[in-house]
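The structure under discussion appears below in the form of structure tokens.
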């Protein structure tokens, strides 16, 4: 079944590119865009660490330049490429070929997958730094071994990321056109650890990594307007893959990646209400830990926002938990409130307050727990 799905995904791309005569009078034209975000973080937290001792942190949170080149062929095929240069990480974040028409959209290259591009949840209503889907992890201390699950699916750590998710690994993705507001998407990633021509690892030695092979992602969504005033966006999504390097009878015995999530957002006259839920099941958990009661965790979030002219305010709550054993669990509770003001076209200033509780379920000592109050002010230029 899996081989059939993988083959079908590849055939879609080939058939699309061969359909019809695709002459164009002009080649793709280059355009430039991007943004620069600077943030100052201040923290008061129980745990101690390198940044917690100082209590403040400055960072270029996200600095990117986007190169885009697109053209339209005589048969209506729109084609081109998008390259995103992430300057704060000093690497190419995304690089993808893009083909679209009345048959849908095809992505070839390094880009987020269908489950990520079609996600919606409480984080969708947030503003300022993005709360739990933003950048507080640079200063937030996590002295134990608690996985900070987030709005992406899979397994692993990082509030805004998880290693089962394909992120910007090299893949093929197809998205249907919208049918009365309904749309579907699917992605195939042979190796989530491979991007931009990096090394491909497909051996038993790779079993110790967090990479996933033959990852299939799917998403389904509806976008529409009800009663002329209510804008609705709901989605369902999931992942299915194998921990890299696993073989039948492998002593590690890690479970396949099988995660799913639901979410929705409603907007009405400047107000927005959004919520989401994700379940990672036993994704990536080895047999010994699973038998002891461990799982890969769940999360849910909810947020409310209001926008009036150049002003936007939002607040919300996020919770995640992972069972360590049949009697103990790790938990994270994250409260966030923030506001943003559009000073001029392309110029925003914003501020955010977060309160985070991290409870380590190991039961060995309370020293690995952390309660943190975080305050951030920032500015962003978009061009």
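The values are calculated or read from the model by the stated rules, or taken from the named source; none is laboratory data. Since the structure is predicted, the reported quantities are computational estimates derived from the model, not experimental observations. Note that we place each Cβ from the backbone using ideal geometry, even for glycine, and neighbour counts take in every protein chain shown.
Observations on the model:
- No other residue among 170, 192, 137 is at pLDDT below 85 and under 20 Å from residue 94 (Cα atoms) apart from 192.
- Complete set of residues in segment 83-93 that are within 19 Å of residue 29 (Cα to Cα) and buried (at least 19 other Cβ atoms within 10 Å of the Cβ): 84
- Of the strands (runs of 3 or more DSSP E) that lie entirely inside segment 49-115, those containing 3 or more residues that are more than 20 Å from residue 171 (Cα to Cα), under 23 Å from the mean Cα position of the chain (by Cα) and without any contact (Cβ under 8 Å) to a residue 40 or more places away in the chain span 56-72.
- Residue match in segment 141-154 (condition: modelled with pLDDT of 85 or more, crowded, with 20+ Cβ neighbours inside 10 Å and not in a helix (DSSP H, G or I)): no
- Scanning segment 264-297 for residues that are in contact with a strand residue (DSSP E or B) (Cβ under 7 Å, 6 or more places away or on another chain) and surrounded by fewer than 18 Cβ atoms within 10 Å (Cβ to Cβ) yields 266, 268, 270, 271, 273, 277, 293.
- Checking segment 364-373 against the condition returns a match, with at least one residue being under 26 Å from the mean Cα position of the chain (by Cα) and either loosely packed, with under 15 Cβ neighbours inside 10 Å or assigned to a helix (DSSP H, G or I) (or both).
- On inspection, residue 205 qualifies as in a helix (DSSP H, G or I) and modelled with pLDDT under 65.
- Members of segment 108-124 that are out of contact with any helix residue (DSSP H, G or I) (no Cβ under 9 Å at 6 or more places or on another chain) and closer than 14 Å to residue 195 by Cα: 109, 110, 112, 113
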